[in-house]
Amino acid sequence: MFLTILRRELQETGANSILLSALVAMTILVPLSAYIQAGDYQRMVEDYAIRQSIHQTENSSQSIVLIRPTPPLAPFFNGAYDSLPDEFRLRNDTATTNTPSGDLTPLDWLFPKIDLSFIIGVLMTLLTILLAHYTIAGDREQGALKLILAGPIGRRTVLAAKVTGVILPTTVILIYIVFLYTIVVTVFSEGTFDLSGGNLSALAVFTLVAIIVLIVTAALGVAVSASVQRSSVSLFACASIWIVIILIWPTFGPYIASSSKPVAPPEAFQRDMASKEKELVREELAEHRKTAADLKAGQVGVEAAWRRYLELRRGWIERRNEEIGRLVNERKEHVHDQQAFARRISLFSPYVAFKEVLGSLCGTGLESYDEFLVAVEQCRQQEFIPKGLDLRSRQKPWLNAASPGDRLQLRPLQTPSPTLSKRLAAAAWPLSILIAEMIILLTLGALSFERYDVR
Amino acid sequence: MIEGTQDCKHPDNLSKGDFGGKQTMEPGRSLIWLIARKEIIANIRNFKTPVALVIMTLLLLLSAHALALDYRNRLNNWSVNRDSQRDPIVGGRVSYDLSDGSFSYGVGFSHPPPIHSPQPFSALIKGMDGEMDRSANVSQRIVIGARHGELATSALFDTPDTSFVVKLLVSLFALMFSLDAAPREKEVGTLRAMLAQPIRRRELILSKSLGASISLLAPFAVAYFVEIIYLHLAHGLLNDRQDLVCAMLIFGFVSFYGIVFAHIGLFISTITTRTRIAITTALLAWATIVLILPNASVLMAKLLTPTPSYNQLNARLRDARRRILQEEAENNSAARTVRPSRQSLPRIYEIERQETDNYLASKKDQNRRARLFASLSPAGALTFGLSDLAGTGTDAYNAYLDILGSSRDVMLDALKRSLDLSRQDADKLMQEAIETVANRQRRAEPLGADLRSSIIPITSLLAWAVLFGLAACWRFKRYDVR
């Protein structure tokens with residue numbers, strides 16, 4: 001009986017003009033978006049190589065630039081990657097890291113780029129809810145529901161068949177979209193996108209998470225449909241809820257968070273740091289002046305003076321790290337508080353939860369950026385400063401002879417590359433919210449349908 | 001005189017033959033208004049208008065509050081940056097002069113690069129204003145600072161400004177008000193009764209359009225002016241006359257947008273026979289027009305106007321510099337190959353100027369083309385048109401790039417002239433150039449210029465409104481009212 005109802009549902013859905021129009025629209029939009037993303041990704045990878053070659057020749061014991069590696073799945077989900085600094089300059093005369101430059105991307109402010117997350121999170125969820133809103137209320141209007149329930153079949157089985165009847169075709173379209181998108185990205189990224197085992201498994205998980213989002217949306221549509229008597233009311237309610245949770249709430253969430261938990265403007269923080277740095281610079285210069293005078297008065301040799309100077313430098317670098325580090329950490333805490341609040345209030349939207357999971361999965365989320373920042377800090381503390389000082393200690397600037405070069409050889413930046421299970425573990429919270437929403441909505445749908453008046 | 005119309009031939013338009021002709025014009029006009037009034041009253045009674053009023057007011061107020069705070073924050077950011085420019089530069093050099101040799105140590109801390117002030121109207125329509133908050137260090141090159149990482153959570157989604165709320169809600173409500181013009185009236189049987197009156201079908205569509213537009217624009221007007229009053233009273237924004245005129249123009253622009261969607265709704269209602277199908281079709285059309293077409297047109301513009309990335313520009317500048325150094329080394333084996341000679345510097349400056357200008361020109365071209373393509377769809381026209389009117393759009397951004405370019409020219413000219421001067425005079429000249437550049441801030445364009453910028457989007461909206469209006473009339477002539 002379940003199969004009979006399912007077959008009927010599938011036939012109805014298959015004959016639905018919505019599905020056909022969606023397929024046509026997707027077949028045009030998906031390759032276009034994937035083509036643009038492939039081109040962007042190719043340029044991103046080329047940029048990375050260009051920047052590496054530029055910085056390798058420019059890095060010195062005074063300053064180096066560390067570049068953020070390109071996430072391999074960026075064409076599928078751009079996430080916050082484009083909006084965050086992708087390189088940092090470390091200098092030995094300051095404890096602050098600064099972001100050298102960025103590209104001009106004004107159009108992104110008006111129209112955020114379309115990637116696979118938009119296609120699934122916005123367009124596919126709309127398609128799903130348009131299919132799901134009719135399942136119960138529509139059948140009641142047609143009188144078909146009475147006939148179905150007149151047979152020897154439980155209401156839960158009918159509901160299960162109806163939900164499956166929506167999820168199956170949307171899943172087929174989803175797989176078609178992911179496949180088409182992947183093919184276009186692979187072909188047009190000219191070898192820069194690597195469809196290796198790791199990325200392929202990540203893409204499979206990506207698709208599974210997308211299916212969960214579609215189930216949540218289908219369950220929402222069915223729950224609404226089972227709570228009202230008329231299909232037009234169901235459609236109105238479903239469309240309104242979809243607009244709020246997919247379009248409006250995710251957009252307002254971060255702004256509400258920033259007005260509820262404000263942090264000082266970035267320039268104010270920079271100014272505070274600059275004033276602290278200037279205070280330290282003054283003190284350091286005073287100590288150097290005093291030491292230089294003492295050494296001269298004590299008729300100390302230049303090599304001993306150089307060693308004393310290096311000791312002083314080391315001491316001041318540590319003090320800067322400590323005092324500026326404190327300010328930086330305070331700021332980070334405030335910003336993290338605000339971001340965590342923004343995510344907390346936005347996460348109930350399946351679209352936000354979906355993007356959060358994708359951020360962890362594709363390495364384009366805020367966690368990956370934080371990991372990069374930690375790696376930059378580690379590199380500064382463990383590599384750049386000790387090796388820079390070591391290189392400096394081997395130099396003899398008082399001799400006019402050529403010094404042994406100022407090139408600093410550092411190990412490549414050690415950014416963590418977590419395994420798929422670790423990435424999924426990082427996304428446990430948004431993923432569990434999605435699963436909880438799915439269970440709650442399915443249960444609500446079942447409860448409403450149990451009491452549904454089929455007349 | 002009898003005016004022969006196609007309407008008369010339609011079997012369902014029973015009494016129309018008796019009322020064709022001049023004497024029907026007066027009753028026709030009063031009937032148009034009568035039906036429009038009936039629509040407006042029906043929309044109030046079935047709570048559509050009150051719901052639209054409440055939702056639009058709430059969301060516009062929320063948007064105004066969020067964006068006003070955002071503007072305040074950006075303004076504080078800019079004012080702190082401006083104050084920082086006046087902070088003293090701290091630094092110095094200490095010489096370790098020993099009996100058997102000497103070395104020195106120098107350290108310094110200077111100002112942060114300047115940023116441009118945000119536009120007050122960005123509290124209403126943010127447009128591209130956020131992109132101009134970035135620091136811009138102008139010397140012989142233009143170095144645009146990275147975006148602040150702290151805004152990353154909001155960068156994942158659209159900006160919730162008035163343009164966003166209007167783009168989504170005004171279009172949806174317009175469809176909601178106009179969609180049941182034919183199928184719903186047909187389902188409840190009032191369509192036949194109406195057509196039994198002395199009214200032509202196109203007049204009926206006109207009255208429906210009038211009713212839907214007034215039902216939509218009246219609550220929007222209230223919500224929008226509540227928003228403007230809130231911004232004025234609670235945040236001290238939009239104070240002068242030009243701001244108010246601009247706010248009125250924005251209202252006018254949004255009205256056109258609403259009418260386009262009201263006509264789209266009417267058209268859909270004339271091609272469908274059942275309300276549910278009409279709503280579903282309208283939702284799909286709405287998603288295509290509002291969510292897909294504008295983004296797809298920007299994608300097309302990017303595809304057709306590829307621009308180099310900032311890093312590619314840097315690589316080109318570096319290559320040019322390296323080429324000149326190589327030539328120098330080939331011509332003069334004694335020449336140093338790390339730094340260019342004084343004679344080569346003007347050449348390097350010129351190449352850098354040329355390459356950077358090409359880069360900026362390609363960005364501007366891409367922006368213009370994106371605006372042109374996006375303006376072909378109503379939602380794209382709205383986004384670009386409103387941002388142009390608010391002075392936060394493409395032209396304002398391109399003007400900002402022009403300021404950066406001309407500031408760079410000031411610096412380059414000073415650098416060139418300083419080559420022939422003594423060290424002291426050169427320093428003085430460069431200091432003057434730096435001050436000139438630091439004082440160059442972008443200014444709000446006069447209203448006339450903003451209006452000129454938005455001519456294409458306005459024309460596009462008008463064309464869409466007329467097109468769908470005519471299409472609805474044409475389809476309704478053939479509509480089976482039984």
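Quick note: the coordinates plus some simple rules give every number you see, no bench work behind them. Here the structure is a predicted model, which means the values were calculated and not measured. Virtual Cβ from ideal backbone geometry, glycine too; neighbours counted across all protein chains shown.
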query = What size of dipole, in debye to the nearest 20, comes out for chain B about its Cα centre when the only charges are +1 on Lys and Arg C-beta atoms and -1 on Asp and Glu C-beta atoms?
reply = 1620
task = For chain A, find the longest principal axis of its Cα atoms and tell me its angle to the long axis of helix A:2-14, 0 to 90°, nearest 10.
result = 70
ask   = In whole angstrom, and with the biggest value first, how far do the Cα coordinates of region B:312-453 range along each principal axis?
value = 65, 32, 16
ask   = region B:178-260: which chymotrypsin sites (Phe, Trp or Tyr not before Pro) are DSSP loop and have at most 10 other beta-carbon atoms within 10 angstrom?
value = none
Listed residue pairs exceeding 20 Å between alpha carbons, taken from B:Lys302/B:Lys363; A:Lys296/A:Lys396; A:Lys261/A:Lys355 = A:Lys261/A:Lys355
message = Please list the three semi-axes, largest first and in whole Å, of the ellipsoid equivalent to the protein assembly as shown, using sqrt of 5 times the eigenvalues of its alpha carbon gyration tensor.
response = 61, 33, 24
query = Taking the simple approach of a point 7 Å from Cα along Cα-to-Cβ for both A:Glu323 and B:Ser95, what is their distance in nm?
reply = 2.8
query = How far apart, in nm, are the 7 Å Cα→Cβ label points at B:Arg82 and A:Gln142?
reply = 6.6
request  = In square nanometres and to one decimal, what's the mean projected area of the convex hull around the Cα atoms of chain A?
outcome  = 25.8
task = Could you point to the residue in A:Gln52, A:Ala22, A:Tyr41 farthest towards the positive end of region A:1-54's charge dipole, with +1 and -1 charges on the Cβ of Lys/Arg and Asp/Glu respectively?
result = A:Ala22
Net charge contributed by nearby residues that have their C-beta within less than 14 Å of A:Phe348 (K/R +1, D/E -1) = +1
Rounded tilt (10° steps) of A:366-379 against the dominant C-alpha axis of chain A = 20
inquiry  = Let me test this: with uniform point scatterers at the alpha carbons of region B:382-442, what is the Debye-based log₁₀ I(q)/I(0) at q = 0.18, 0.20, 0.27, 0.29 1/Å?
reply    = -0.66, -0.73, -1.00, -1.07
request  = Write out the trypsin sites (Lys or Arg not before Pro) in region B:28-130 meeting two conditions: DSSP loop, and at most 12 other Cβ atoms within 10 Å of their Cβ.
outcome  = B:Arg86
request  = Filter the DSSP H helices in chain B by two things, a Kyte-Doolittle mean of at least 1.0 and an axial alpha-carbon span of 20 angstrom or more, and list the hits by number.
outcome  = B:241-271, B:455-477
Local electrostatic count, B:Ser209, Cβ distance below 13 Å [Lys/Arg +1, Asp/Glu -1] = +1
note = Magnitude of the Cβ-charge dipole (Lys and Arg +1, Asp and Glu -1) of chain A about the Cα centre, nearest 20 debye, reported as 580
inquiry  = If each DSSP helix of 4+ residues adds -39,500 (n - 2.57) and the sum is divided by the residues in chain A, what number results at 222 nm, nearest 500 deg cm²/dmol?
reply    = -23000 deg cm²/dmol
key: Value of [θ]222 nm, deg cm²/dmol, for chain B, DSSP H segments ≥ 4, -39500 (n - 2.57) each, nearest 500   = -22000 deg cm²/dmol
task = Hand me the trypsin sites (Lys or Arg not before Pro) from region B:282-361 located in a DSSP loop with no more than 10 other Cβ atoms within 10 Å, in residue order please.
result = B:Arg342
ask   = Under a point spin-label approximation (7 Å from Cα along Cα-to-Cβ), what is the A:Ser260-B:Leu244 distance to one decimal in nm?
value = 3.7
note = Fewest to most Cβ atoms within 10 Å: B:Ile455, B:Ile89, A:Ile317 sort as B:Ile89, B:Ile455, A:Ile317
